[in-house]
Amino acid sequence: MPSEPRPGLAETVLETIRSRRVTRVFDDHPVADESLLQVLEAGRWATSGGNRRIHPFLVVRDPRTLARLRAVTPGMFSTPPVVIVICTDATRAAEELVQLEHDTTTWIDVGTAAMNMMVAAHALELGSCPVTSFSHGAVSVVLGLQPTVEPELFLLLGHPHEPTRPVRPTGSGRTGAAALPPGLVWWEQPGCATPELIPIQGGRGGAAADLYHRSDRADRRVKAAGPRETG
Amino acid sequence: MAEHHSGTVDEPGDPLVVSESEALTLLAHLVTSAELCMTEPYDYGIFRLIDAASRLARAMVARSSGESRAFLEAFLEEVDVKKMWSTRDRERYGSFLRETSRRTAEHLVAMADRRTSAPVAPDSPGGRDAK
């Protein structure tokens, strides 16, 4: 039996998710330790495949190290007061029997941890920005990482230099199917035998439908590859 | 005038406008950007280059001569806004890059013409370096 929804929880969470934006330029104000710890805790609560927890969070706050990181990180457009480097610890992964060379779920775990931290940062009125455009080898040198530790993603953290721009994604301010931008969602149609695209009502203001029923994933691959061959 | 391996020429009276650490930082940015171009979307490379130009201009601006400083300040004001256009409006981005190239060339030529026509003081840095 479904439990009773907690009053206001869904709207608070959804509004926090909706209003978060990437912050690329930060001011000089430091991040309070308490806020930083809360952000890190949010990362700790992220999903982790098999609960293996092979991604340590390396916190960088030394201005000289931050400047050096920026030099080898073309994706850093300014120097924030904090960079959280989400790493993969190959030693821990081996202990957990993870096959790093094949297992892409570890990257998903990096993403879920980063997303949790970004949402938490926003709730704490901090700005954040995920960055993967860096030289892994150069970053390992700058941070003095062991060969068994791989930097995967930087989460830049700090106070936004300017107030967040009111960019509104397609569908924002709408509810239900109208809130979903065209082409984003493909609905499975249980029992559908024909792999044709079946438009259903959706998209903006009930205009031309761009949401589709899809019979299965194989069909999606066929469509992506081009016209179906018959015979 | 002394010609370098880089193909640039020391004009008489040229000030040095970038420190060694600033140059090394930019070098690191360029090298790591080149590495990333192997795997990132193709249009990121364009962005990395104009971003590098922005970083160079920012390093140069404080020590540059009056004319160059004005040029660099105007460049920075514009580039920091428009360098992000690559993902939004490719046509406007192209126009911005073409116009920026033209203006940079105009400034380059104007400064070179001015320096070659100016008298050189024997004890100026450019005078000492000139051969």
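The values are calculated or read from the model by the stated rules, or taken from the named source; none is laboratory data. Bear in mind that the values here come from a model prediction, so they are computed numbers and not experimental data. Don't worry about glycine lacking a Cβ; one is built from the backbone with ideal geometry, like all the others, and counts go over all protein chains shown.
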Looking only at residues that are within 14 Å of chain B (Cβ to nearest Cβ) and of a type in the set (S, T, N, Q) in the stretch A:72-117, which one is nearest to B:L26 (Cα to Cα)? A:T73
Does A:S140 satisfy the condition of being surrounded by 14 or more Cβ atoms within 10 Å (Cβ to Cβ), within 14 Å of chain B (Cβ to nearest Cβ) and assigned to a loop (DSSP other than H, G, I, E, B)? no
Restricting to the stretch A:1-30, give me the number of residues that are under 21 Å from the mean Cα position of the chain (by Cα) and closer than 30 Å to A:A67 by Cβ. 7
Residue check: is B:E35 surrounded by 14 or more Cβ atoms within 10 Å (Cβ to Cβ), of a type in the set (D, E, K, R) and in a helix (DSSP H, G or I)? yes
Quick one: what pairs do we get from the stretch A:130-146, first residue assigned by TED's automatic domain parsing to the domain that holds A:T88, second at pLDDT 95 or above and surrounded by fewer than 16 Cβ atoms within 10 Å (Cβ to Cβ), C-beta under 7 Å, 6+ apart or different chains? A:V142/A:T65; A:L143/A:L58
Quick one: how many residues across the stretch B:34-54 are charged (D, E, K, R), farther than 11 Å from B:V79 by Cβ and in contact (Cβ under 8 Å) with a residue 12 or more places away in the chain? 2
Residue satisfying all of: in the stretch A:121-166; in contact with a strand residue (DSSP E or B) (Cβ under 7 Å, 6 or more places away or on another chain) and among the acidic types (D, E); nearest to B:A34 (Cα to Cα) among these: A:E152
I need the full set of residues from the stretch B:31-79 which are of a type in the set (D, E), touching a Lys or Arg at 6+ places or on another chain (Cβ under 9 Å) and facing chain A (nearest Cβ under 10 Å), in order please. B:E40, B:D51
The listed residue being more than 30 Å from B:P41 (Cβ to Cβ), within 14 Å of another protein chain (Cβ to nearest Cβ) and of a type outside the set (V, I, T), out of A:R53, A:R24, A:R64, A:R44: A:R64
Filter the stretch B:19-29 down to residues that are part of a helix (DSSP H, G or I) and more than 9 Å from every other protein chain (Cβ to nearest Cβ), then give me how many there are. 4
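Do you know which residues across the stretch A:90-137 are assigned to a loop (DSSP other than H, G, I, E, B), over 30 Å from A:L14 (Cα atoms) and charged (D, E, K, R)? Before the answer, list the steps.
Looking only at the stretch A:90-137, we keep the residues that are assigned to a loop (DSSP other than H, G, I, E, B), and these are A:96-104, A:124-126, A:132-135.
The next check asks that each one be over 30 Å from A:L14 (Cα atoms); those that pass are A:96-103, A:134-135.
Those that are assigned to a loop (DSSP other than H, G, I, E, B), over 30 Å from A:L14 (Cα atoms) and charged (D, E, K, R): A:E96, A:E101, A:D103.
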Out of the residues in the stretch B:60-106 meeting the condition of being over 26 Å from B:E20 (Cβ atoms) and outside any helix (DSSP H, G or I), tell me which one is modelled with the highest pLDDT. B:D89
A:C87: passes all of (1) part of a helix (DSSP H, G or I); (2) modelled with pLDDT of 95 or more; (3) within 22 Å of A:V39 (Cα to Cα) but (1)
